[in-house]
Amino acid sequence: HFSGFSAGHRNSFIQRKMSENGVLFQSRGKVLTVDTMNPAVKKVEYAVRGPIVTRAVELEKELKQGVKKPFTEVIKANIGDAHAMGQRPITFLRQVIALCTYPDLLNDNKFPEDAKERARRILQACGGGSIGAYSASQGIECVRQDVAQYIERRDGGIPSDPNNIYLSTGASDAIVTLLKLLVSGEGRSRTGVLIPIPQYPLYSAALSELGAVQVNYYLDEENCWALDVQELRRALTAARQHCQPKVLCIINPGNPTGQVQSKKCIEDVIRFAAEEKLFLMADEVYQDNIYAQGCQFHSFKKVLYEMGPEYWHTVELASFHSTSKCYMGECGFRGGYMEVINLDPQVKQQLVKLVSVRLCPPVPGQVLLDVIANPPREGEPSYEQFIKEKTAVLNNLAEKARLTEEIFNTVPGIKCNPVQGAMYSFPRIEIPDKAVKEAQAKGQSPDMFYCMKLLEEMGICVVPGSGFGQREGTHHFRMTILPPTEKLRILLNKLKEFHERFTREYS
């Protein structure tokens, strides 16, 4: 009937007929709006991928379109993404992943026998011999066994039970899952969670989403970001006036602050948690990233065990590790694990139920985690190359940690603590009053204003300290040390030049 009508006449005719039939055309309001959405989600902030990064992506597009800028590339130093920064994958890890992904390669003589042996073992544990199958919700059993053995070797023989190991989608997923179990109550009975300031914004974001109370305890910047139990006690006492603190989170080595905690400090924290009946969460994803002389990684689990049965049998502890950091840097595979100690058996059943809802962690990530937990052993064909590549990555990071501290501390108005571990520096910057006032007029925090100007003028993307938390009146930014050494040197010198010019402009 409409074949002779133009599109405009056709639409007009339909609209008129529907109107005649009593059907009124009204623009229906959206069901989901900013006003009707979950209010907890609106409170979530994640500075590592916030407005600075959005603008960095826009600038990259503008450069590709030929728009003239005072720089030729955007250097993204905002996130701990090693491979995006040019770090090469560890050969053995990728060989096993390749073999598991495409098992026909098991017939290829280019692959070493130790890589094939690990791939065959993992494939045999997968449904249908394929990593495309779902795994058990807690993770593939043989992978959990290898993780438990890895933890035992790391901790000098202290026992680890595979049934206490939960594989996860990176460490982040396990952290949020455990917080879901811990958070309860309303009003003054709401769960309080003590987190370090500065913190990794996963914690503040998860607590906002779950409706928990964030309880800040401040690390001591003047003492290389050390953790002081007196500060923990201050934060706990104040929090008990308005919530029920149940959880203490520790990040060691520190993100964004790069400190490595001493054994004595960890003992003090465990005693404090035991006395105050707090559940301990130890984020230990940077445990291989130790650079400073005299520093050593001590796992919370090992220290807990060495403190004797009074603590070992009572303190509830969950510790987390990931495939994304250390020497591996395999962020995209989203592999990780959580080990729980002294968890109530009935709560454990609830945890299994909770992880079951998500079916299982990515199986390729589980494969990668297995190879990290069960690397080439001395005498195997891949051992020498594996050790050489692993050592080269960690030595290179140690050199860049020293370089970052050294160059920053030559700049008047920038003070950088030693980068003892992890893969970030968190320098304090002095921002002149005139710049603070201009930032306030724009509705920005002073360090956001600083970082945005740094991006626009130099093409360097770093994250404002306000996104991680900092003491009132201080300003910082977080920068990863991951760029290749020469690019990092260029970045640091450009930052030095920018800071000197910024200070002159606003003094």
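Rounded to whole Å, give me the distance from the Cα center of the stretch 247-271 to that of the stretch 456-476.
Here the answer is 23 Å between Cα centres.
Considering only protein heavy atoms, what is the solvent-accessible area of residue 290 at a probe of 1.4 Å, reported in Å² to the nearest 10?
Spelled out: residue 290, probe radius 1.4 Å, area about 50 Å².
Using a simple charge model, +1 on the beta-carbon of Lys and Arg, -1 on the beta-carbon of Asp and Glu, nothing else, what dipole does the chain show about its Cα centre, in debye to the nearest 20? Provide the component values of the computation, followed by the final result.
Details: 61 positive and 58 negative charges, 352 e Å.
My answer is approximately 1680 debye.
For the stretch 342-421, what does the equivalent ellipsoid look like in terms of its semi-axes, each the square root of 5 times an eigenvalue of the Cα gyration tensor, given largest first in whole Å? Intermediate values should be presented prior to the final figure.
Values: eigenvalues 292, 135, 26 Å².
Here the semi-axes work out to 38, 26, 11 Å.
So how do 34, 285 rank on accessible area, 1.4 Å probe, biggest first, that is with the largest at the start? Intermediate values should be presented prior to the final figure.
Details: 34 95, 285 15 Å².
Highest to lowest solvent-accessible surface, that is 34, 285.
Quick one, which of (i) 82, 66, 56; (ii) 66, 63, 60; (iii) 72, 65, 48 is the actual Cα extents along the principal axes in Å calculated for this model?
(i)
Which one, 261, 458, 307, projects farthest toward the positive side of the charge dipole computed for the chain from Cβ point charges (K/R +1, D/E -1)?
After comparing all options, I get 458.
Between 75, 91, 145, whose Cα lies farthest towards the positive end of the dipole of the chain when Lys and Arg beta carbons carry +1 and Asp and Glu beta carbons carry -1, centred on the Cα centre?
The Cα lying farthest towards the positive end belongs to 75.
Using a simple charge model, +1 on the beta-carbon of Lys and Arg, -1 on the beta-carbon of Asp and Glu, nothing else, what dipole does the stretch 107-156 show about its Cα centre, in debye to the nearest 20? Don't jump to the answer; show the numbers that get you there.
Working: 8 positive and 8 negative charges, 17 e Å.
Roughly 80 debye for the stretch 107-156.
With a 1.4 Å probe and all protein chains kept in place, how do 457, 117 rank by accessible area, largest first?
So the residues, ranked largest to smallest area, are 117, 457.
Considering the Cα trace of the stretch 43-196, what is its radius of gyration and what is Dmax, both in angstroms?
22.1, 65
Taking the alpha-carbon distance from residue 110 and a cut-off under 21 Å, which lysines remain once sequence neighbours fewer than 8 residues away in the same chain are dropped?
Within reach: 388.
Amide H of residue 218: which non-local residues (sequence gap of 5 or more, or other chain) have their own amide H closer than 5 Å, using H built in the peptide plane?
197
Mind grabbing the accessible area of residue 102 for me, 1.4 Å probe, Å², rounded to tens?
My reading of the accessible area for residue 102 is about 130 Å².
To the nearest Å, what is the center-to-center distance of the stretch 372-442 and the stretch 312-352, using C-alpha atoms only?
Each part reduced to its Cα centre gives a spacing of 25 Å.
Can you give the relative contact order of the stretch 166-278 as a percent, counting alpha carbon pairs under 8 Å and 6+ residues apart?
Numbers: 145 pairs, mean separation 31.1, N = 113.
RCO, the stretch 166-278: 28 percent.
Give me a comma-separated list of calculated 3J(HN,Hα) values for the stretch 479-495, in order, Karplus coefficients 6.51, -1.76, 1.60 applied at θ = phi - 60°, integers in Hz, x for any Gly or Pro.
9, 6, 9, 6, x, x, 3, 5, 5, 5, 4, 4, 4, 5, 5, 5, 5
Need one number: nm distance between label points at residue 442 and residue 230, each 7 Å from Cα along Cα→Cβ, rounded to one decimal.
Taking the two extended label points, one gets 4.0 nm.
Could you put 410, 323 in order of accessible surface area, largest first, with the 1.4 Å probe and the full protein assembly present?
Details: 410 75, 323 0 Å².
The ordering from most to least exposed comes out as 410, 323.
Quick one: grab the alpha carbon gyration tensor of the stretch 192-335, order the square roots of its eigenvalues as a ≥ b ≥ c, and give me rounded if a/c is under 1.5, else prolate or oblate depending on whether a/b is larger than b/c. Could the numbers behind the result be given before it?
On the way: a/c = 1.44, a/b = 1.20, b/c = 1.21.
Note, shape of the stretch 192-335 comes out rounded.
Can you compute 3J(HN,Hα) from phi for each residue in the stretch 163-178, using the Karplus curve 6.51 cos²θ - 1.76 cosθ + 1.60 with θ = phi - 60°, rounded to whole Hz and x for Gly and Pro?
Whole-Hz 3J(HN,Hα) from phi for the stretch 163-178: 6, 8, 9, 10, 6, 8, 7, x, 5, 4, 4, 5, 4, 5, 4, 5.
How much of residue 405 can a 1.4 Å solvent probe reach, expressed as accessible area in Å² and rounded to 10?
That residue has around 50 Å² of solvent-accessible surface.
Would you work out what percent of the accessible area of the stretch 348-454, with all protein chains in place, is carbon or sulfur (probe 1.4 Å)?
Numbers: 2550 of 4930 Å².
Carbon and sulfur atoms account for 52 percent of the accessible area of the stretch 348-454.
Want the number for residue 487 to residue 385: 0.36 nm per residue separation, take away the alpha-carbon distance, what's left? Write out the running numbers ahead of the final one.
Working: separation 102, 0.36 × 102 = 36.72 nm, distance 2.61 nm.
Fully extending the segment from residue 487 to residue 385 adds 34.1 nm.
Run lengths n ≥ 4 of DSSP H only: what is the helix-derived mean residue ellipticity at 222 nm for the chain, with -39500 (n - 2.57) per run over all residues, to the nearest 500? Working shown, then result.
Numbers: 18 runs with 221 residues, N = 507.
Estimated from H runs of four or more residues: -13500 deg cm²/dmol.
The values are calculated or read from the model by the stated rules, or taken from the named source; none is laboratory data. Predicted model, so just to flag it, every value in this text is computed and none were measured. FYI the Cβ positions are ideal-geometry reconstructions off the backbone, even for glycines, and counts take in every protein chain you see. Heads up: the accessible areas ignore ligands, DNA and RNA and are worked out on the full protein's heavy atoms, side chains in. Shrake-Rupley method; radii C 1.70, N 1.55, O 1.52, S 1.80 Å.
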